[in-house]
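To keep things clear, I will list the structure first and then write my remarks on it.
The values are calculated or read from the model by the stated rules, or taken from the named source; none is laboratory data. Everything numeric in this text was worked out from a predicted model, so none of it was measured. Heads up, the Cβs are rebuilt from the backbone with ideal geometry, glycines too, and the neighbour counts pull from every protein chain shown.
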Amino acid sequence: MLRFFTAGESHGQALLAFISGLPAQLPIDVKFINHQLRRRQLGYGRGGRQKIEKDTADVFAGVRHGKTIGAPIALRIENRDWVNWEKMLPVEAAEEDPGMRKLVAPRPGHADLAGSQKFNYHDARYVLERASARETAARVAAGAFAKLLLREFGTEIASHTIQVGHVRLEKPATWKKIQAVSADLDSPLRCINAAVQEKMKTEVDAVLKVGDTVGGIFEIVAHHVPVGLGSHAQWDEKLDGRLAQALMSVQAVKAVEIGGGVAGAGSFGSEVQDEIFYEKSVRRFRRSTNRAGGLEGGITNGEDVVVRGYLKPISTLRQPLHTTDMVTKEPVKAAYERSDWCVVPAGAVAGEAMVALVLADAFLQKFGGDSLAEMRRNFDNYVQQIDEF
């Protein structure tokens, strides 16, 4: 079973990630991990924080001589912006430090008020530092380990932007185009269509001018996923449900779609189901389309797994909305914290990490093994079973 945890605050000294359950002898590529972190930092509409941070992962447990050892893995990502703030000192600072930047005007749509009420603080700083999407850097680092495991079995994951604000890419994208734009560090919004991307940039520019923010939709595709991951037997074993929960846990994601789920809800059955044929040359059952998004009955069917995340606009606005002071109870304008105004490409990278972690766990549950070699033998035996079906 693959498990991971993260710790750390947005302006604390560092973010931490802990990963347990990876097999021994898995080769670890630190450059690949740091490349994933770099992808998360990029994108059109990002704020000044990204000019300060240079996210890299320091691996300090669970890896020796470039390979996993079967023990829990620990990672650290330094927060360079820590020195520019109140330093969020864990134990040294007094509880009521006058230098602390209190936040008493909760932002609508953020965890500020609900979290402050839950933990009985009249200062949202205690909540927002952990609720911040800065935490996804730790997830991306953990997800990179999961991607490295999946890569050993030929499964790759990529993402692209489908919509920003009111501008939407209407034509479906091929795997090769998604893979190319996903890896392109120079693509501002990671949209496969250059003309549509320019319109998306105009939308991002427009919200910046008026002090607003903009959301959008990203699509994640897992390519070359074997048949049979997940299960129909229990509700919490259904892989589509696990993927939806994982993606919904990413900050600002308010809806998740598997395949053509949204359009399918307003269609007839004959327009939605994927017809089945047998491809003799590769001895495989195939679908003529992939409206199911690679999942049927909670089980992967051998087609690409396609998941979409619907990202709401960020809650921090340069032209703040009305709110109520948590201390005085008087109406005020919401607090403003330095922030991005469009994070769709970054949200997609965080989403990739979550999809990778769920799929890697499904691989481990299906094929087991304490070492990579044992896991590969189990995988090869299963592939033979599928070939002979």
Quick one: which of Glu257, Glu275 is more than 22 Å from the chain's Cα centre (by Cα) and at pLDDT 95 or above? Glu275
Could you grab me the full set of residues in the stretch 3-30 that are of a type outside the set (A, V, I, L, M) and either under 17 Å from Val63 (Cβ atoms) or surrounded by fewer than 18 Cβ atoms within 10 Å (Cβ to Cβ) (or both)? Arg3, Phe4, Phe5, Gln13, Phe18, Ser20, Gly21, Pro23, Gln25, Pro27, Asp29
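With Val332, Val344 as the choices, which residue is buried (at least 21 other Cβ atoms within 10 Å of the Cβ) and modelled with pLDDT of 95 or more? Walk me through it before giving the result.
Details: Val332 fails: buried (at least 21 other Cβ atoms within 10 Å of the Cβ).
Criteria check complete, one pass: Val344.
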Listed by first then second residue, the pairs whose first member lies in the stretch 231-242 and is in contact (Cβ under 8 Å) with a residue 24 or more places away in the chain, whose partner is acidic (Asp, Glu) and surrounded by 15 or more Cβ atoms within 10 Å (Cβ to Cβ), with beta carbons under 7 Å and at least 6 positions apart or on separate chains, are Ser231/Glu237
Hey, among the residues in the stretch 36-76 that are modelled with pLDDT under 95 and of a type in the set (Val, Ile, Thr), which one's surrounded by the fewest Cβ atoms within 10 Å (Cβ to Cβ)? Ile52
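Okay, residues lined up against (1) free of Cβ contacts under 8 Å to residues at least 60 places away in the same chain; (2) among the charged types (D, E, K, R):
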site	(1), (2)
Glu271	yes, yes
Glu275	yes, yes
Glu279	yes, yes
Arg283	no, yes
Arg286	yes, yes
Ile314	no, no
Glu330	yes, yes
Among the numbered conditions (1) outside any loop (DSSP other than H, G, I, E, B); (2) over 28 Å from the mean Cα position of the chain (by Cα), tell me where Thr328 comes up short. (1)
If a residue has to be farther than 23 Å from Pro345 by Cα, of a type in the set (A, V, I, L, M) and under 17 Å from the mean Cα position of the chain (by Cα) to count, how many in the stretch 8-59 make the cut? 1
Return the residue satisfying two criteria in turn: it lies in the stretch 78-115 and is modelled with pLDDT of 95 or more and not in a loop (DSSP other than H, G, I, E, B), and of such residues it is surrounded by the fewest Cβ atoms within 10 Å (Cβ to Cβ). Ala114
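When you go through Thr300, Thr316, Thr289 one by one, which is the residue that is under 18 Å from His223 (Cβ atoms) and crowded, with 19+ Cβ neighbours inside 10 Å? Walk me through it before giving the result.
Numbers: Thr316 fails: under 18 Å from His223 (Cβ atoms); Thr289 fails: crowded, with 19+ Cβ neighbours inside 10 Å.
Going through Thr300, Thr316, Thr289 in turn, the sole match is Thr300.
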Going residue by residue through the stretch 151-160, is there one that turns out to be out of contact with any His (no Cβ under 9 Å at 6 or more places or on another chain) and within 29 Å of Gly47 (Cα to Cα)? yes
Does any residue of the stretch 379-386 turn out to be under 19 Å from the mean Cα position of the chain (by Cα) and either part of a helix (DSSP H, G or I) or crowded, with 24+ Cβ neighbours inside 10 Å (or both)? no
The condition of being modelled with pLDDT of 95 or more, on the phi < 0 side of the Ramachandran plot and not β-branched (Val, Ile, Thr) holds, among Ala180, Ala133, only for Ala180
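Assess whether Lys280 counts as being charged (D, E, K, R), under 23 Å from the mean Cα position of the chain (by Cα), on the phi < 0 side of the Ramachandran plot and exposed (fewer than 15 other Cβ atoms within 10 Å of the Cβ).
Considered against the rule, which asks whether it is charged (D, E, K, R), under 23 Å from the mean Cα position of the chain (by Cα), on the phi < 0 side of the Ramachandran plot and exposed (fewer than 15 other Cβ atoms within 10 Å of the Cβ), Lys280 comes out as no.
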Going through the stretch 278-315 in order, the residues found to be outside any strand (DSSP E or B), at pLDDT 95 or above and within 30 Å of Pro108 (Cβ to Cβ) are Lys312, Pro313
Exception for Phe153 within (1) assigned to a loop (DSSP other than H, G, I, E, B); (2) at pLDDT below 95 falls at (2)
